[in-house]
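Below you'll find the structure, written out as structure tokens, and then a few comments.
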Amino acid sequence: MAQDTTVPKLDFEYWLDKAIKWGQATTLESQKDVCLHLCQLQEFLHQVYETLKHMDSIAAIQQFPLIGQLLGRLCWNPFVIGYDESQKTLMWCLCCLYSSEPQNPVELKANSWIRSLLCHLLSSSKWESNEAETSTFISTLGYTSADYYCHLVKNVSILVSGSRVNAVSLFCLPLITLPDITPLLETLLLYQGGASKEILSSEFLEAVNDAFLKKKISLPESAVVSLWLRHLPSLEKATLHLLDKLVSIQLNSLEEVACVIKDSLLPQAASHPAIFRIVNEIFKNVLLETDGTPEVFTIIQVFTQLFLQAHQNEDKEHRFPLKAYFPCHHQPLVTALLRRPLELPTTHWSQHLKHISDMLKALVEDTNISCLADLFEIWFLVAHFGEWLDIAAEQLLKAAVEPDALLWLLAFYYCPQNENQQRTQTMVEAQAVCNHLMMLFSCKVLSVKDLEAAVHTVTDIDQCCNQHLITHLLTNFLLFSSGGHTIAQEFIYHITEATERSKEVCSLLIRTAYRIKHNGEENQKTVKLLNELLQKLTLKV
């Protein structure tokens, strides 16, 4: 059956023609067609309401003479009034047509008609009784209302046998948000069948995913994983939905970021390598499209940590090897990056970072790395594990055992391409700032001018080859040096006059606060300073 894909805006004739053909959805063909158009119809009704609420009833009927016929027919279609918020929207539209002060017999008759429709909708409302609303759908599955719930709870799998799977998934479209339907949704999603008639409809999968993302239904993790494996567009939508949510709200700690990400079930679902690699590819594209904003970096790094936790919690018998998630990368480098700082004594951090840096340098300088795409893949792998990069920036200022290796690692992260010796120049400038900061590191009394002198060793910070790396070093100096605390607020306010720099520093402070808390480095004085800085920067951003 062909499905119409283009519906002109507020095309009453189109939808009235549909409503007439559907009737009260008593035939299998009409039921299927209703189910296929429910999402479009709901959007149309919402547009109608948005238009009507700015008009009086007389003007509305004059401009849309078919509106009464259309709404009247839709109100008696149980599939329509049972779908999501369509019933509520129909009631809103009817209320817009109601004349508060009827002037003639026609308006009085119209008001009476509207009242009768509203009474009908309220009497079958899901707010009053789910049973009345679902009885029509239940009968199409071959059950009576009395025995349906018993079969649903005790042995729901009998509803999804063989050729009925596709049809049942379509019939479920109007019922998806009803609480008692969850076992059936779960069984459908977990059903394994290879025949064409045993494939769940894409409309059903899309509707379930939308309801899940909007928190209208709750599904077990196994059902969600099955949904996303069956329907790639749903996985893509879930990932972009998470990114939009995280970027649009103000989050003041990595714990908050982690809570939102974990609640999406994406890190847990990513334990399946196919899902992980698709989500990772979406992250990569978003990173490129946003030109590497700090928020996206932070999201990727937190997601990676949560994924690794979920992977570690998997039953060993069913756990995939980590190579399955990073199949195209140098495995010793992957293994080194996967080590959590908490797993190593702090005295071994510099040596471990040197090991990572040496492997990276060998890979990057390998003659086989001939294209930018290969270089980007290596850099993107490193970007997942930003915790080690933050530690490298801190260790550099604390007289690290292998400063050159740590400096190269940071220069590669902030400047992966060495076109026109840009990375080399970045290292020279960062080294000059580092040397100056290390001389000030033990000073207990500092002024802003002392720190400005360190910055001016590479001229103006905004003109240096990579101001992001310099900002990273300066922020760490303020947090971890003896005298940095006294001038931190004043200096950070100075270097974050631009909104973009504010977001960058804010993201860095959030990551640092999380790291010192979870790696056993907690220092009450530093934590207090971080909280004060974050509070001021949040207001500024």
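General observations
- ³J(HN,Hα) computed for each position of segment 87-101 - Karplus, 6.51 cos²θ - 1.76 cosθ + 1.60, integer Hz, glycine/proline x: 4, 4, 5, 4, 5, 4, 4, 4, 4, 5, 8, 6, 8, 5, 9
- With all protein chains modelled, accessible area of Met91 [1.4 Å, Å²]: 30
- A 1.4 Å probe, protein heavy atoms only, puts the accessible area of Arg339 near 90 Å².
- Surface accessible to a 1.4 Å probe, Cys95 within the full protein complex, Å²: 80
- Across segment 277-287, rounded Karplus estimates of 3J(HN,Hα) from the backbone phi angles (6.51 cos²θ - 1.76 cosθ + 1.60, θ = phi - 60°) give 5, 6, 4, 4, 5, 5, 4, 4, 5, 5, 4 Hz, Gly and Pro being marked x.
- The residues packed around Tyr414, meaning those with a beta-carbon under 13 Å from its beta-carbon, carry a net charge of -2 if Lys and Arg are +1 and Asp and Glu are -1.
- For the pair Leu28 and Asn435, the difference between a 0.36 nm per residue extended length and the Cα-Cα distance amounts to 138.7 nm.
- Largest-first ordering by accessible area, 1.4 Å probe, given options Ser201, Ser222, Ser442: Ser442, Ser222, Ser201
- Exposure ranking of Ile282, Ile67 by accessible area [1.4 Å probe, largest first]: Ile282, Ile67
- Derived scalar couplings between HN and Hα for segment 252-267 equal 9, 7, 5, 4, 5, 4, 4, 4, 5, 5, 5, 5, 6, 6, 5, x Hz in order, rounded to whole Hz, by the Karplus curve 6.51 cos²θ - 1.76 cosθ + 1.60 (θ = phi - 60°), x for Gly and Pro.
- Straight-distance crosslink candidates among lysines, where the alpha carbon sits under 28 Å from Lys536 and sequence neighbours closer than 8 are dropped: Lys245, Lys262, Lys398, Lys444, Lys449, Lys503, Lys517, Lys525, Lys528
- Solvent-accessible surface ranking, highest first, for Trp228, Trp379 at 1.4 angstrom: Trp379, Trp228
- Within a straight-line Cα-Cα reach of under 20 Å, Lys53 can be paired with the following lysines, leaving aside sequence neighbours fewer than 8 residues apart in one chain: Lys9, Lys88.
The values are calculated or read from the model by the stated rules, or taken from the named source; none is laboratory data. Quantities reported herein were computed from a predicted structural model and do not represent experimental measurements. Here the Cβ is made from the backbone with ideal geometry for all residues, glycine too, and neighbour counts use every protein chain on show. Side chains are part of the model used for accessible areas, which takes the heavy atoms of the whole protein and leaves out ligands, DNA and RNA. Shrake-Rupley method; radii C 1.70, N 1.55, O 1.52, S 1.80 Å.
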